[in-house]
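Each remark here refers to the structure printed beneath this line.
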Amino acid sequence: MQPFVLYNSEQRKKVEFVPRNEGQIDIYVCGMTVYDYCHIGHARVMVAFDYIIRFLRSQGWQVRYIRNITDIDDKIIQRANENNETIQALTERFIQAMNDDAAQLGCVAPDQAPRATDYIDQMQDMIATLINKDTAYPASNGDVYFQVDKFAKYGRLSGRKSEDMQAGASERVDVEVEKKHPFDFVLWKHAKENEPFWPSPWGKGRPGWHIECSAMSTCCLGNHFDIHGGGSDLLFPHHENEIAQSEASTGEQYVNYWMHVGFINVDGEKMSKSLGNFFTIRDVMDKFHPEVIRYFIVSSHYRSPVNFSDHALKEAKSALNRFYHAFKAYQQQYAAQDLPQVLDQAYVERFNTAMRDDFNTSEALAVLFELIKELNRAIKDQQAEQAASYHATLRHLVDILAIVQHDVDEFLKSDIGQTSLTLSEAEIEGLIQQRQDAKKAKDFALADKVRQDLLDLGVVLEDTRQGTIWRRAD
């Protein structure tokens with residue numbers, strides 16, 4: 001098997017990946033805080049780890065994929081209060097919306113999706129262990145803090161030195177005077193009036209954000225596992241704090257490899273509600289087919305920052321159309337023939353080589369576009385067996401990336417985000433029949449006029465052995 005390298009954020013370089021257990025890879029990815037609909041940054045994390053896991057499984061590895069759900073948090077409490085609904089009603093609604101969005105984007109469900117509120121006991125056990133080891137302390141107000149200066153390796157993931165950090169950077173809340181050191185972060189929050197709470201040895205309260213992932217990941221995968229991932233925004237403080245509290249609690253190395261997905265900018269600027277350039281996945285799916293969004297994400301390297309724009313998505317749509325047109329051309333020519341579907345191993349190896357180099361999807365897609373070119377050439381030259389091999393290879397490889405997963409004609413006729421056709425499908429079929437009648441009557445001028453009229457209205461006609469079919473103009 002070819003060597004497999006990935007970029008380890010902790011080492012700040014690409015390194016050869018060696019699983020802890022041969023043939024088995026355990027991955028934990030930080031999931032969403034479910035107080036609103038998922039945005040396009042979430043989509044990038046979902047899709048990136050989806051194709052990463054699909055590829056690993058295609059190479060024969062058994063992968064355990066865990067992606068958590070944060071269902072208790074300051075923002076959740078605030079939003080539930082604003083909506084005058086229960087926290088449970090709010091989180092259930094947005095968990096379902098998240099799962100629906102992920103499915104629309106072609107993502108497989110994680111093997112486990114632990115919810116923070118189901119692991120409160122385990123969080124309390126970890127906090128108690130940290131207190132017993134004198135790396136955490138209860139404050140007089142009922143909060144419990146991790147004492148950063150008791151963990152000598154703090155800052156090793158982010159590369160930050162304590163003197164460069166600002167007080168309060170590791171919290172979602174303002175600096176508390178109860179802290180021994182300004183960089184100490186909260187493990188357990190005392191309950192404020194009218195807030196949800198759980199009983200604990202330190203009084204009524206709820207867990208801090210960071211301890212949630214340490215408890216859920218180690219409960220699902222053990223104290224020490226292969227890969228931990230998430231968005232680049234989580235590297236500090238969230239993942240830095242996870243390392244500190246996990247390793248201080250267990251005495252073991254927490255994670256071998258850290259993977260972080262790059263940011264999405266919108267028209268060159270960081271996405272934010274204050275700038276008015278904040279888009280949910282559903283906003284974008286109103287304008288573009290979900291597979292176009294997936295292709296846009298797949299087409300760039302997962303670590304690279306990408307610029308989101310209508311123009312970029314239209315380019316993604318055009319590129320995706322090339323795949324669908326190639327499959328359609330093969331279907332029209334050879335669908336009725338029982339040709340051997342033998343994979344071209346040279347293309348498979350080139351694709352695998354690209355993906356085994358830190359999941360280089362842009363290079364992998366370059367291989368696929370070369371394959372499309374060869375498939376189209378073989379169809380044109382009527383090289384049936386060669387075309388069948390290229391077709392089978394292309395289908396095998398796009399399935400790994402989970403693109404080109406829809407019916408060819410339905411995708412090419414899709415009107416998501418496009419100007420509505422002024423003709424109904426029945427009217428289009430009627431004009432196609434009128435053109436066929438004109439051709440039978442040898443009235444080729446009328447036949448050509450019908451074709452051009454339809455083209456002017458955004459409808460392309462294609463004459464095949466099975467008859468005339470139509471699609472939307474690109």
- Note on the structure: Listed by chain and number, the residues whose amide H is under 5 Å from that of Asn277, excluding neighbours fewer than 5 places away on the same chain and using placed H, are Ser272
- Message: Only four residue types carry charge here, +1 at the Cβ of Lys and Arg and -1 at the Cβ of Asp and Glu. Report the dipole size of region 425-472 about the Cα centre in Debye, rounded to the nearest 20.
- Response: 220
- Query: Given +1 on the Cβ of Lys and Arg, -1 on the Cβ of Asp and Glu, and no further charges, what dipole in debye does region 1-46 carry about its Cα centre, rounded to the nearest 20?
  - Reply: 220
- Projecting the Cα atoms of Ser246, Tyr324, Pro182 onto the charge dipole of the chain, where Lys and Arg contribute +1 and Asp and Glu -1 at Cβ, the residue farthest towards the positive end is Tyr324
- Each residue of region 2-16 in turn: what ³J(HN,Hα) in whole Hz from Karplus with 6.51, -1.76, 1.60 and θ = phi - 60°, glycine and Pro shown as x? 4, x, 10, 10, 9, 7, 9, 4, 5, 8, 6, 6, 7, 9, 5
- Å² of accessible area per residue within the chain, as computed with a 1.4 Å probe and no ligands counted: 45
- Item | With at most 11 neighbouring Cβ atoms within 10 Å, loop GluC sites (Glu not before Pro) (DSSP) excluded, longest segment of the chain | 253-474
- Message: In the chain, if the dipole is taken from +1 on Lys/Arg beta carbons and -1 on Asp/Glu beta carbons about the Cα centre, which of Leu375, Trp61, Pro290 is farthest to the positive end?
- Response: Leu375
- Task: Quick one: angle between helix 444-456 and the longest Cα principal axis of the chain, in degrees between 0 and 90, rounded to 10, please.
- Result: 10
- Sulfur and carbon atoms: percent of accessible area, the chain [1.4 Å]: 47
- Report the charge-dipole magnitude of the chain in Debye, nearest 20, computed about the Cα centre from +1 at each Lys and Arg Cβ and -1 at each Asp and Glu Cβ. 800
- Query: By how many degrees, 0 to 90 and rounded to 10, does the Cα axis of helix 425-440 deviate from the longest principal axis of the chain?
  - Reply: 30
- Message: How tilted is helix 384-401 with respect to the longest principal axis of the chain? Cα atoms for both, answer in degrees (0 to 90, nearest 10).
- Response: 20
- Note on the structure: Restricting to lysines and to Cα separations under 21 Å from Lys204, and discarding same-chain partners fewer than 8 apart, the set is Lys75, Lys179, Lys189, Lys192
- Which order do Thr135, Thr353 take by accessible area at a 1.4 Å probe, largest first? Thr353, Thr135
- Query: Based on DSSP H runs of at least 4 residues, each adding -39500 (n - 2.57), what is the mean residue ellipticity at 222 nm of the chain after dividing by all its residues, to the nearest 500 deg cm²/dmol?
  - Reply: -14000 deg cm²/dmol
- Name the lysines eligible as straight-distance cross-link partners of Lys13: C-alpha to C-alpha under 29 Å, and not fewer than 8 places from it in the same chain. Lys150, Lys153, Lys161, Lys270
- Message: Which residue, Ala388, Ala80, Pro3, has the largest displacement toward the positive end of the dipole of the chain when charges sit on each Cβ (Lys, Arg +1; Asp, Glu -1)?
- Response: Ala388
- Once amide hydrogens are built 1.01 Å from N within the peptide plane, the residues lying 5 or more places from Tyr145 or on another chain with amide H under 5 Å from its amide H are Tyr137, Ala139, Leu187
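The values are calculated or read from the model by the stated rules, or taken from the named source; none is laboratory data. These numbers were taken from a predicted model, which means no experiment stands behind them. Please note: Cβ atoms are built from the backbone with ideal geometry, for glycine as well, and neighbour counts cover all protein chains shown. Only protein heavy atoms, including side chains, enter the accessible area calculation; ligands, DNA and RNA are left aside. Shrake-Rupley method; radii C 1.70, N 1.55, O 1.52, S 1.80 Å.
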